[in-house]
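For reference, the structure is listed below as structure tokens.
FYI, it's all coordinate maths here, none of it is from the lab. Nothing here was measured: the structure is a model prediction, and the numbers come from that model. Positions of Cβ are backbone-derived with ideal geometry, glycine not excepted, and every protein chain shown enters the neighbour counts.
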Amino acid sequence: NAGVTQTPKFQVLKTGQSMTLQCAQDMNHEYMSWYRQDPGMGLRLIHYSVGAGITDQGEVPNGYNVSRSTTEDFPLRLLSAAPSQTSVYFCASLGRLNTEAFFGQGTRLTVV
Amino acid sequence: GQQVMQIPQYQHVQEGEDFTTYCNSSTTLSNIQWYKQRPGGHPVFLIQLVKSGEVKKQKRLTFQFGEAKKNSSLHITATQTTDVGTYFCAGVSSNTGKLIFGQGTTLQVKP
């Protein structure tokens with residue numbers, strides 16, 4: 001059982017480039033979220049989804065887009081990368097509300 | 001919006017000493033969860049507290065949920081080097097269902 005899989009693990013982008021961080025889960029979970037982790041800031045919620053076709057903004061959504069066309073996948077798109085988006089990104093899924101979140105291994109993104 | 005504040009940000013202890021991290025929410029939570037992240041790793045679920053005033057124990061770890069369901073604490077008795085990592089609390093908003101994390105407390109343990 002793979003759980004939550006994120007790709008890539010590491011990425012370096014130039015300012016202005018776009019890219020998609022992939023997240024897939026094989027647990028048939030309805031709820032999926034994207035977080036970014038920065039020193040001293042904890043885990044901040046970027047976007048989340050309560051099911052296929054439904055997404056909503058979190059605490060820090062600017063500069064990021066998401067879509068949820070299937071239950072399994074929840075990609076995060078950076079439209080025009082900025083140095084302020086240098087961070088570690090985690091994808092998480094929950095089977096239902098008020099249950100534990102399962103995290104992927106993370107993507108370390110550097111924007112130069 | 002909902003905010004979850006966690007203190008302290010860092011804690012250095014000698015092996016065998018106790019450790020406590022505190023979590024406070026600006027709004028009433030439906031439940032609170034605790035996670036541990038080892039250096040270089042991803043957050044891993046430890047426990048969930050649901051009831052007002054609830055206390056749960058996992059070996060040397062004691063978790064408490066405040067009576068007003070707006071604060072929580074994690075206490076580790078007699079720390080070991082295996083306790084090293086960052087501990088996060090996370091509140092679930094009863095209005096939105098979103099999981100909002102505190103800033104985390106990074107624990108260093110000197111052998």
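Which of the trypsin sites (Lys or Arg not before Pro) found in region A:1-66 are in a DSSP loop and have at most 14 neighbouring Cβ atoms, other than their own, within 10 Å? Mind showing how you got there, number by number?
Values: sites: A:Lys9, A:Lys14, A:Arg36, A:Arg44; in loops: A:Lys9, A:Lys14.
Listed in order of number, the matching sites are A:Lys9, A:Lys14.
If amide H atoms are built 1.01 Å from N in the plane of the peptide, which residues on other chains or at least 5 residues away come under 5 Å of the amide H of A:Met19?
When sequence neighbours closer than 5 places are left aside, the close amide H contacts are A:Leu78.
Students often forget the sequence filter, so: which lysines lie under 30 Å Cα-Cα from B:Lys110 once same-chain residues fewer than 8 apart are removed?
Qualifying lysines at Cα under 30 Å: B:Lys36, B:Lys56, B:Lys57, B:Lys59.
Restricting attention to region A:63-112, which trypsin sites (Lys or Arg not before Pro) occupy a DSSP loop and are surrounded by at most 12 other Cβ atoms within 10 Å?
On the way: sites: A:Arg68, A:Arg77, A:Arg96, A:Arg108; in loops: A:Arg68, A:Arg96.
Hits after loop and neighbour filter: A:Arg96.
At each listed q (0.21 Å⁻¹), what is the log10 of I(q)/I(0) that the Debye formula gives for chain A modelled as equal alpha-carbon point scatterers?
So the normalised log intensities are -1.12.
Loop sites only, by DSSP: take the trypsin sites (Lys or Arg not before Pro) in chain B that have at most 16 other C-beta atoms within 10 Å and name the longest stretch containing none of them.
Excluding the exposed sites themselves, the longest stretch runs over B:61-111.
Among the GluC sites (Glu not before Pro) in region B:16-71, which ones are in a DSSP loop with at most 15 other Cβ atoms within 10 Å of the Cβ? Mind listing them? If you can, show how the numbers build up before the last one.
On the way: sites: B:Glu17, B:Glu54, B:Glu67; in loops: B:Glu17, B:Glu54, B:Glu67.
Loop-located and lightly packed - B:Glu17, B:Glu67.
Hey, rough spin-label estimate for A:Asn62 and B:Val84, points 7 angstrom out along Cα→Cβ, what's it come to in nanometres?
Using points 7 Å along Cα→Cβ, the separation is 3.8 nm.
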